[in-house]
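> Submitted below is the structure of interest, expressed as structure tokens.
The values are calculated or read from the model by the stated rules, or taken from the named source; none is laboratory data. All values derive from a computational prediction rather than experimental measurement. Every residue, glycine among them, receives a Cβ derived from its backbone with ideal geometry; neighbour counts consider all protein chains shown. Keep in mind that these areas ignore ligands, DNA and RNA; they rest on the heavy atoms of the full protein, side chains included. Shrake-Rupley method; radii C 1.70, N 1.55, O 1.52, S 1.80 Å.
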Amino acid sequence: MVIWAFLVFAVLAVVFTTLAVVHRSPVVNVLSLVMVFFFLAAIYAVLGMDFLAAIQLIVYSGAVLVLFLFVIMLLNIRRVERFGSGRPVQAALGAAAAIAVGALVVWAVRGLAPVTGGVTPDAFAGGTAAPIGRMLMTTYLFPFELISVVLVAALVGAIALARRES
Amino acid sequence: MWADVIVTLVKLGVVLAVMLTAVPIMVWVERRGSALIQDRLGPNRVGPFGLLQPVVDAVKLLTKEHLTPEGVNRFLYYLAPGIAMVVALSTFIVIPFGFDPGLELFGHPIHGFLVAPDLNIGVLYIFAVGSLGVYGIILAGWASNNKYALLGGIRSSAQMISYELAMTISVVSVLMTTGSFRLDRVVEHQSHAWLGFIPAWNVVPHILGAITFIIAVFAETNRLPFDLPEAEAELVAGYHTEYSSMKFAAFFMSEYINMVTASTLIVLLYFGGWSIGPVLAHPQGWGGALTSVAVFGLKVAFFLWFFVWVRWTLPRFRFDQLMAIGWKVMVPVAVLNFVLVGVMMALGWPV
């Protein structure tokens, strides 16, 4: 049951990821990305990570991608050039970089031990709010604080750039 | 297992029926209420007190011609009202409509007046699904191929993102004192009294948060004084300028359903849900449980009236004022509330 739900969501996520890359209308690209994040959230939910699923939707679908859509509409881009057309060198470089990153991910995951005994709901109950909060405040306190500083720096940078005109 | 499936389906059906009935009633309340406030009569021809007016309106909207303007992106144009409607209707599964004293029906537990009793993220689910609602409006604006509609859609996305922040921060302080995302726990936390007679509602310790939250939900539901996405004087009808018949009705209904969600959230988070101090904190049997549902309904009805009342009392903000209030007042006040509540918790005060 769980494995079938996972397979359906995973396949749909891959389909929409492809659409996000190859479709020529930027609005459709962003909407496909919304669907990708939606199905990723569904996979989290199937694995019992309710909290992560909700955060995934709130942060990515609810905020980040709305801003993407906002920018596309303000710039009024109706069509983008077909994938890989016009600039062969950049296209080749991009493809090579993508393959390199993919190979890196495979290489990194290869060493992990597989989960035995099948996937069950609640297999990763660590994905609920309480354990995540505890880990952020203990094990990962330093990276957590560091990310906040980085975000504040980005915020200050954006304001500085916006105010330079006046 | 099948019994649970049937119980859940029945609950879904009942909740959907109640929501879809609430819409025409609210439309009637809105029109008669506005007439009362503006000292005129309002619709009073169809049925007693004009009560059947929404039925006539529904028939009119259903039988109107479907117009599709030229040059629209058809798929997105038809998808947008659907998104608005689906999002509005699917937030209800985590809202507890009353207290559950372990009710059973035909010897089977029904897990209270809550469609999804096992979902432990509660209010986060509402924010997660609700955050998708903005897509309905942006897409309607963009797909319509109309500059007023586009301006309405863009305003709406800016407005909803800005006010979502203040809203979420005020809710976080409530969740902090409760220690759970579940809305029934939030009510449980408020089901006692201070000094024996003051209901321990969150609105007292979280007064700044409650005010911020109520203002923010007005903005989130696009109601006056925050109905900038469809400001008639500037934008024709904003994002739904090009929508007619049932496609318009879908936006209209989703606005009213969102109002009901917002009112239930205000009551659950800040006004004790179905409890009045220790009264109705743990009612027994079917009678007690249904009384708790009725009390909850009355409180929600008051806030629905509040929405109508405010709409016909206050004028609309200008857009720059709206953004300035959102970022320079609402967010700092919500953060201040968060810090104050944190300090009160650290001092061991009963919050």
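> Which of the following residues is assigned to a helix (DSSP H, G or I), away from chain B (no Cβ under 14 Å) and β-branched (Val, Ile, Thr): A:Val64, A:Val105, A:Val36?
A:Val105
> Follow-up. Does region B:164-175 contain any residue that is farther than 22 Å from B:Ala219 by Cβ, assigned to a helix (DSSP H, G or I) and within 10 Å of chain A (Cβ to nearest Cβ)? It would help to see each step written out before you state the result.
Of all residues in region B:164-175, those farther than 22 Å from B:Ala219 by Cβ come to none.
Scanning region B:164-175 turns up no residue that is farther than 22 Å from B:Ala219 by Cβ, assigned to a helix (DSSP H, G or I) and within 10 Å of chain A (Cβ to nearest Cβ).
> Please work out which residue is farthest from B:Gln321 (Cα to Cα), limiting yourself to region B:169-183 and to residues that are open to solvent by 50 Å² or more (accessible area, probe 1.4 Å) and at pLDDT 85 or above.
Here the residue is B:Met176.
> Can you tell me which condition B:Gly102 does not meet? The list is (1) farther than 20 Å from B:Leu269 by Cβ; (2) within 25 Å of the chain's Cα centre (by Cα); (3) of a type in the set (Gly, Ala, Ser), and all the others hold.
Condition (2) is where B:Gly102 drops out.
> Is it true that some residue in region B:233-241 is within 30 Å of B:Gln190 (Cα to Cα) and of a type in the set (S, T, N, Q)? Full working, then the answer.
Just the residues of region B:233-241 that are within 30 Å of B:Gln190 (Cα to Cα), to begin with: none.
Within region B:233-241, not a single residue is within 30 Å of B:Gln190 (Cα to Cα) and of a type in the set (S, T, N, Q).
> Please pick out the residue among B:Ala149, B:Ala210 that is within 14 Å of chain A (Cβ to nearest Cβ), open to solvent by less than 30 Å² (accessible area, probe 1.4 Å) and in a helix (DSSP H, G or I).
Of the residues listed, the single one that is within 14 Å of chain A (Cβ to nearest Cβ), open to solvent by less than 30 Å² (accessible area, probe 1.4 Å) and in a helix (DSSP H, G or I) is B:Ala149.
> Would you confirm whether or not region B:45-58 contains a residue that is touching a residue at least 60 places away in the same chain (Cβ under 8 Å) and in a helix (DSSP H, G or I)?
The answer is yes, given that some residue of region B:45-58 is touching a residue at least 60 places away in the same chain (Cβ under 8 Å) and in a helix (DSSP H, G or I).
> In addition: Taking the options B:Thr291, B:Thr264, name whichever one is among the β-branched types (Val, Ile, Thr) and closer than 16 Å to B:Val174 by Cβ.
Among B:Thr291, B:Thr264, only B:Thr264 is among the β-branched types (Val, Ile, Thr) and closer than 16 Å to B:Val174 by Cβ.
> Which one is most open to solvent (accessible area, probe 1.4 Å) among residues in region B:121-134 that are facing another protein chain (nearest Cβ under 7 Å) and part of a helix (DSSP H, G or I)? Give the derivation first.
Here is the first cut: in region B:121-134, the residues facing another protein chain (nearest Cβ under 7 Å) are B:121, B:124-125, B:127-128, B:131-132, B:134.
Going one step further and asking which of them are part of a helix (DSSP H, G or I), we end up with B:124-125, B:127-128, B:134.
Numbers: B:Leu124: 17, B:Tyr125: 44, B:Phe127: 24, B:Ala128: 4, B:Val134: 7 Å².
Taking the candidates together, the pick is B:Tyr125.
> While we're looking at this one, here's another question. Answer yes or no as to whether B:Glu255 is open to solvent by 20 Å² or more (accessible area, probe 1.4 Å), over 27 Å from B:Thr63 (Cα atoms) and among the acidic types (Asp, Glu).
no
> Then there is this: Considering only residues that are within 25 Å of B:Ala262 (Cβ to Cβ) and open to solvent by 10 Å² or more (accessible area, probe 1.4 Å), which ones fall in region B:282-299?
Matches in region B:282-299: B:Leu290, B:Thr291, B:Val293, B:Ala294, B:Val295, B:Gly297, B:Leu298, B:Lys299.
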